[in-house]
């Protein structure tokens with residue numbers, strides 16, 4: 001990785017010197033250099049990632065984590081702080097369990113990826129609708145969304161969440177998205193299967209996307225519009241561009 005960055009810096013220096021002669025030529029060379037680096041990163045990161053799997057070391061009953069890059073370390077830290085996390089008396093982190101039936105499980109999807117999933121259901125009565133949560137970048141469904149999910153359940157909604165590959169407690173290199181569309185397909189696959197549960201059939205279904213999850217929710221909605229009755233977007237990672245010819249602004 002360091003060698004790649006050094007190469008990029010050398011290219012940038014050469015291009016800066018060349019720019020005195022031709023700005024256009026420098027711009028083209030810079031773009032070529034950046035594309036080359038991105039291509040090399042695309043092929044190098046998975047290799048680096050596979051070498052990092054040895055970063056979890058057993059030392060008696062104590063787990064020493066050199067990094068949180070991989071899911072064994074992330075799951076270990078999550079388990080170690082579970083009791084402390086549940087004592088956080090704040091509506092964004094945790095709400096009373098009264099009336100809430102929650103469950104956590106790991107599934108292996110059609111690509112063979114192990115994903116962490118969680119559900120929050122009303123203990124009594126039929127849910128009004130089903131809400132599928134799409135979290136933001138670097139996030140998880142196991143922290144602040146706990147409080148939000150319980151608030152929604154208190155209003156008689158069924159709530160489901162999942163950690164994307166490489167996020168939270170799911171398998172994969174932390175924060176690394178190899179292909180955004182594949183990640184969206186993982187979300188569609190899991191939530192489509194949840195919809196088929198007998199107790200949920202016929203209920204309205206809504207996507208709830210926050211930050212990057214807003215982009216995930218939008219793409220999931222556009223890919224399979226028949227699955228959803230709507231979407232709620234909170235500070236979504238997206239922008240709208242005016243499509244009229246000659247229009248210059250974006251909002």
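Numbers at a glance
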{"quantity": "Per-peptide average of other Cβ atoms within 10 Å, ordering 224-237, 69-82, 157-170 highest first", "calculated": "157-170, 69-82, 224-237"}
{"quantity": "Relative contact order (percent, whole number), segment 71-234, Cα cutoff 8 Å, 6+ residue spacing", "calculated": "23"}
{"quantity": "Alpha-carbon centroid distance for the pair segment 179-237 / segment 127-141, whole angstrom", "calculated": "9"}
{"quantity": "Relative counts (whole %) of C-alpha pair distances in segment 71-234, using bins that are 10 Å wide", "calculated": "11, 41, 37, 11, 0"}
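None of the figures in this text is laboratory data; all of them are computed from the coordinates on show. As the structure is a computational prediction, the values presented were derived from the model and not from experiment. Neighbour counts are summed over all protein chains in view; Cβ atoms, including those assigned to glycine, are modelled from backbone coordinates with ideal geometry.
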